[in-house]
Each structure stands twice: as structure tokens, then as C-alpha cells.
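Chemist: Quick one: the structure is below, questions incoming.
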Amino acid sequence: MSEIAPTSPLRLDPERALSGLDWERVFGSPGPVEVEIGIGKGRFLLAVAAARPGVRLLGVEWANEYLRIAEARAERRGLENVRFVRADARELVARGIPDASVDAYYVFYPDPWPKKRHHKRRFFQRPTVDHLARTMRPGACLHVATDHEEYWDQIEPLLDRHPDFGRLPEFGGESFPMPADAPLTNFEAKYEVQGRNRHRGSWRRRDAAAPSRG
Ligand SMILES: C[S@@+](CC[C@H](N)C(=O)[O-])C[C@H]1O[C@@H](n2cnc3c(N)ncnc32)[C@H](O)[C@@H]1O
């Protein structure tokens, strides 16, 4: 049976994805796997897919209208190394993504859910961060950005203190696929014009066998 649902040839069936992704079947080709959470209209994901044809990219997005725009753009550009799934990213990371199989995660401007009673809806919470660590290969990077001060004050210590992650000295690092200074996503471009604060950080998945440092 195909992994792909009929909406777009690039769209994965969510139920099949949540029951466990097989990257070879999803992409039909070998290579590193990178996942972007909450892609919006896909500006970053599509730019990376075009720049790195040997990398396999999965975009996760809940909003169907955004997903359709991103898919249409990917199809028009003839990108063969990108797939999309409509899912709650927390569920997908917890249930769908195999152990030690992801080479990079990108989470840019995740919804901050500012009201306290909604904080439980945030992407960055300890159980999800544990699943990010479980699904990353040793040496893989998690790149994060937000404009939201209070959410950043939750995210930064959660990742800095997690035993499986070590922070890179600066956002991006050597393996980052784009010039890190330029606006990376639609929201980042919008926030730059508005002059909002930008918080960004990158963390590397430690090798389980290596002693943790700092
Ligand atoms: C503030 S927007 C940022 C979009 C894009 N990353 C950018 O920087 O332009 C957050 C995006 O995450 C999506 N999103 C929020 N919660 C999600 C979840 N649990 N699973 C998947 N996508 C989610 C929203 O639909 C929205 O497109």
C-alpha cells in the first residue's frame, strides 16, 4: 500500500504516518532526513529542499490551508525530496518518527499559546523534547526560534538542562543549510519588519556513549 494520500502526491497519509514512518518507503531513496515542525507556507522547507537535493525533508503542519500552499509550491518547483503531513506535531514526534533516524529538526516560531491555561498545548514540553532526543541521530541538531519572551524562557532551560542535548555556541552552526542571518521563514520576515525581538538557538544531540559536558 502507498504511504501517500490523494490530496497531493507529496502528502502522507496521517494515520499511516502516526503508526510509524519508514523513511525508505516515504521517499523511495536513501539520504539524511530533516524535519520541520509547523512549516506555515513552507518558505524555509522549500528553500532547503531546493538547495540540498540529497536531503530528504518532511514538513509537518496542522493548518490545511498553509499545507496546500506549500505543497502546490513544491509541486510547481518540481521538488522530489520533500513530503508533507497534516498532523499534530507532538503526536507525530511521539508516535510516528523512528528512533535515531532524524538528522535535523527545525522549529521556527511555534505557536506560543500565551494564556496560562493553554500552555499545555505548547510544542516544547519535556515529554516532546524527550521524543525529539529519542528520534535524533547522535550529532543531529535541533534549531529553534521564537519572538515570544515568556515561551523562550521555558524553551531555553528545557533544552539547556536536558541530558541528551548540548548547546551550540551560536544559532545554526556549520551544518545549517541557509545563511542564518537572513530571515528564514515568513513569520521571521514579518517580525523583522515589525522590529520584534528574535530568540534563536541550536542544540546538538549528544552521543549516548559520550560523557555529557556542560
Ligand atoms: C506562528 S506559525 C509559524 C510558521 C513558520 N514556522 C514561520 O516561521 O513562518 C506556527 C505554525 O505552526 C503550526 N502549528 C501549530 N501547532 C502545531 C502542531 N501541534 N502541529 C503541527 N503544526 C502546528 C501552525 O498551524 C502554524 O502554521
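Chemist: All but one of (1) over 13 Å from residue 106 (Cβ atoms); (2) surrounded by fewer than 17 Cβ atoms within 10 Å (Cβ to Cβ); (3) more than 9 Å from the ligand (Cβ to nearest atom) hold for residue 47; state the number of the condition that does not hold.
Modeler: It fails just one condition, (1).
Chemist: So, in segment 91-105, of the ones that are in contact with a Ser or Thr (Cβ under 9 Å, 6 or more places away or on another chain) and open to solvent by less than 30 Å² (accessible area, probe 1.4 Å), which residue ends up farthest from the ligand (Cβ to nearest atom)? Quick ask: steps written out before the conclusion?
Modeler: Our first condition is that a residue be in contact with a Ser or Thr (Cβ under 9 Å, 6 or more places away or on another chain); within segment 91-105, this holds for 93-105.
Of the ones still in play, those that are also open to solvent by less than 30 Å² (accessible area, probe 1.4 Å) are 93, 96-97, 101-102, 104-105.
Details: 93: 9, 96: 12, 97: 13, 101: 19, 102: 16, 104: 15, 105: 12 Å.
It comes out as 101.
Chemist: Take the residues of segment 50-90 that are closer than 22 Å to residue 183 by Cβ and of a type in the set (Val, Ile, Thr): which is most open to solvent (accessible area, probe 1.4 Å)?
Modeler: 69
Chemist: Return the residue satisfying two criteria in turn: it lies in segment 170-188 and is out of contact with any strand residue (DSSP E or B) (no Cβ under 9 Å at 6 or more places or on another chain) and without any contact (Cβ under 8 Å) to a residue 60 or more places away in the chain, and of such residues it is most open to solvent (accessible area, probe 1.4 Å).
Modeler: Per the criteria, the residue is 174.
Chemist: Among the numbered criteria (1) farther than 25 Å from residue 91 by Cβ; (2) of a type in the set (Phe, Trp, Tyr); (3) modelled with pLDDT of 95 or more, which one does residue 124 miss?
Modeler: (1)
Chemist: Return a yes/no flag: does segment 192-206 have any residue that is open to solvent by less than 50 Å² (accessible area, probe 1.4 Å) and among the aliphatic types (A, V, I, L, M).
Modeler: Narrowing segment 192-206 to residues open to solvent by less than 50 Å² (accessible area, probe 1.4 Å): 199-203, 205-206.
Going one step further and asking which of them are among the aliphatic types (A, V, I, L, M), we end up with none.
Within segment 192-206 (the criterion being open to solvent by less than 50 Å² (accessible area, probe 1.4 Å) and among the aliphatic types (A, V, I, L, M)), the answer is no, since none of the residues qualifies.
Chemist: Sticking with this structure for a sec: If you take the residues in segment 15-44 that are basic (Lys, Arg) and in contact (Cβ under 8 Å) with a residue 24 or more places away in the chain, which one is least open to solvent (accessible area, probe 1.4 Å)?
Modeler: Among those residues, the one meeting the criterion is 41.
Chemist: Also, I was wondering about something else. Which of the numbered conditions does residue 141 fail, given that it passes all the others? Conditions: (1) closer than 16 Å to residue 56 by Cα; (2) of a type outside the set (Asp, Glu); (3) at pLDDT below 95.
Modeler: It fails just one condition, (3).
Chemist: Separate question: Could you tell me how many of the residues in segment 191-206 are under 20 Å from the mean Cα position of the chain (by Cα) and either under 23 Å from residue 148 (Cα atoms) or modelled with pLDDT under 95 (or both)?
Modeler: Of the residues in that region, 8 qualify.
So that you can scan it fast, the table gives a plain yes or no per residue for (1) assigned to a helix (DSSP H, G or I); (2) in contact with a Lys or Arg (Cβ under 7 Å, 6 or more places away or on another chain):
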{"position": "95", "(1), (2)": "yes, no"}
{"position": "103", "(1), (2)": "no, yes"}
{"position": "107", "(1), (2)": "no, no"}
{"position": "123", "(1), (2)": "no, yes"}
{"position": "127", "(1), (2)": "yes, no"}
{"position": "131", "(1), (2)": "yes, no"}
{"position": "140", "(1), (2)": "no, yes"}
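The values are calculated or read from the model by the stated rules, or taken from the named source; none is laboratory data. All figures in this text were calculated on a predicted structure; none of them were measured in a lab. So basically every Cβ, Gly included, is an ideal-geometry build from the backbone, and we count neighbours across all protein chains shown. Keep in mind that these areas ignore ligands, DNA and RNA; they rest on the heavy atoms of the full protein, side chains included. Shrake-Rupley method; radii C 1.70, N 1.55, O 1.52, S 1.80 Å.
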